[in-house]
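Bear in mind these aren't lab numbers, they're just calculated from the coordinates by the rules spelled out. Just so it is clear, the structure is predicted and the values come from calculations on it, not from any experiment. All Cβ positions, glycine included, derive from the backbone under ideal geometry; neighbour counts span all protein chains shown.
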């Protein structure tokens, strides 16, 4: 949790909230380089962004490289850990990490049985994957905000956000994946009944079909938005507080002890937040998929 150094507090905050971005700069864009102003030639330029103005110019073509690397890497760690547990699992009394993993699996299995009212062997593994994966992404928020970004700056990496769940692209990407499964199982289980559900509820009369369709489609689209934005908003706010507290270290020696105590206190409280957000994302996924399997 280093200080902001020579940066102003606002520059320090903006720097920590900027993703390492790769994308295409449009032709004619003026880049500020060490040698002066460089104009992008015809056809554009695929490159790493240096600053918010270049990220904005890249538009939809931009890829948040850090979010992709950290989220995929944490997913691989999840698969590796649970594969090790599966290999070590025996009929005897479990211990260590095997015992912890079994507790997680039993907890999620019980949650699925209590919440999901259909029959689908995909739901429990999906719930386990979502809970552990989101928890690991959230857990990165407990790493001191300057530790990894500052270390990577020493080797030339200018920006680095290590908490994937503070990126709406990641949270909304997972939410859209759940939404696609909702649509798939709604059509598979209900068939034409899904169309009737959208057009004849809540008013069961042909004259109200446009009104019913509008309200049901809005309610349907609200599910992935609420799923993704809830996780993003809570984790982004938590990360912002960590950054604001870390910026106190640059004020002076008088603030170093209070800032350290605030960081420790917020980190302890944030353990509950990151676990709760992973649980909420998992439970809402189960509930939405359960609704998709209910044929009225």
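Points to keep in mind about this one:
- Tilt relative to the chain, helix 96-115 - C-alpha long axis, 0 to 90 degrees, to 10: 50
- Modelled FRET efficiency - R0 35 Å, residue 103 with residue 221, Cβ distances, 0.05 increments: 0.45
- Using a Förster distance of 41 Å, the FRET efficiency for residue 56-residue 271 (Cβ separation, nearest 0.05): 0.70
- Cα long-axis angle, helix 65-88 against the chain (0 to 90 degrees, to the nearest 10): 60
- P(r) histogram, all alpha-carbon pairs of region 186-235 included - 10 Å bins from 0, percent: 25, 38, 24, 11, 1
- Cα centroid separation - region 141-162 against region 5-51, whole Å: 18
- Estimated inter-spin distance, residue 295 and residue 8, nm [label 7 Å along Cα→Cβ]: 6.3
- Region 1-144 pair-distance distribution - Cα-Cα, 10 Å bins, rounded %: 9, 24, 24, 17, 16, 8, 1
- Mean residue ellipticity, 222 nm, helices only, the chain: the sum of -39500 (n - 2.57) across DSSP H runs of n ≥ 4, divided by residue count and rounded to 500, is -22000 deg cm²/dmol.
- The chain - convex hull of the alpha-carbon atoms, volume per residue in Å³: 196
- Seen from a random direction on average, the alpha-carbon convex hull of region 162-283 projects onto 9.9 square nanometres.
- Nearest 10 degrees, 0 to 90: helix 168-190 Cα axis against the chain principal axis: 10
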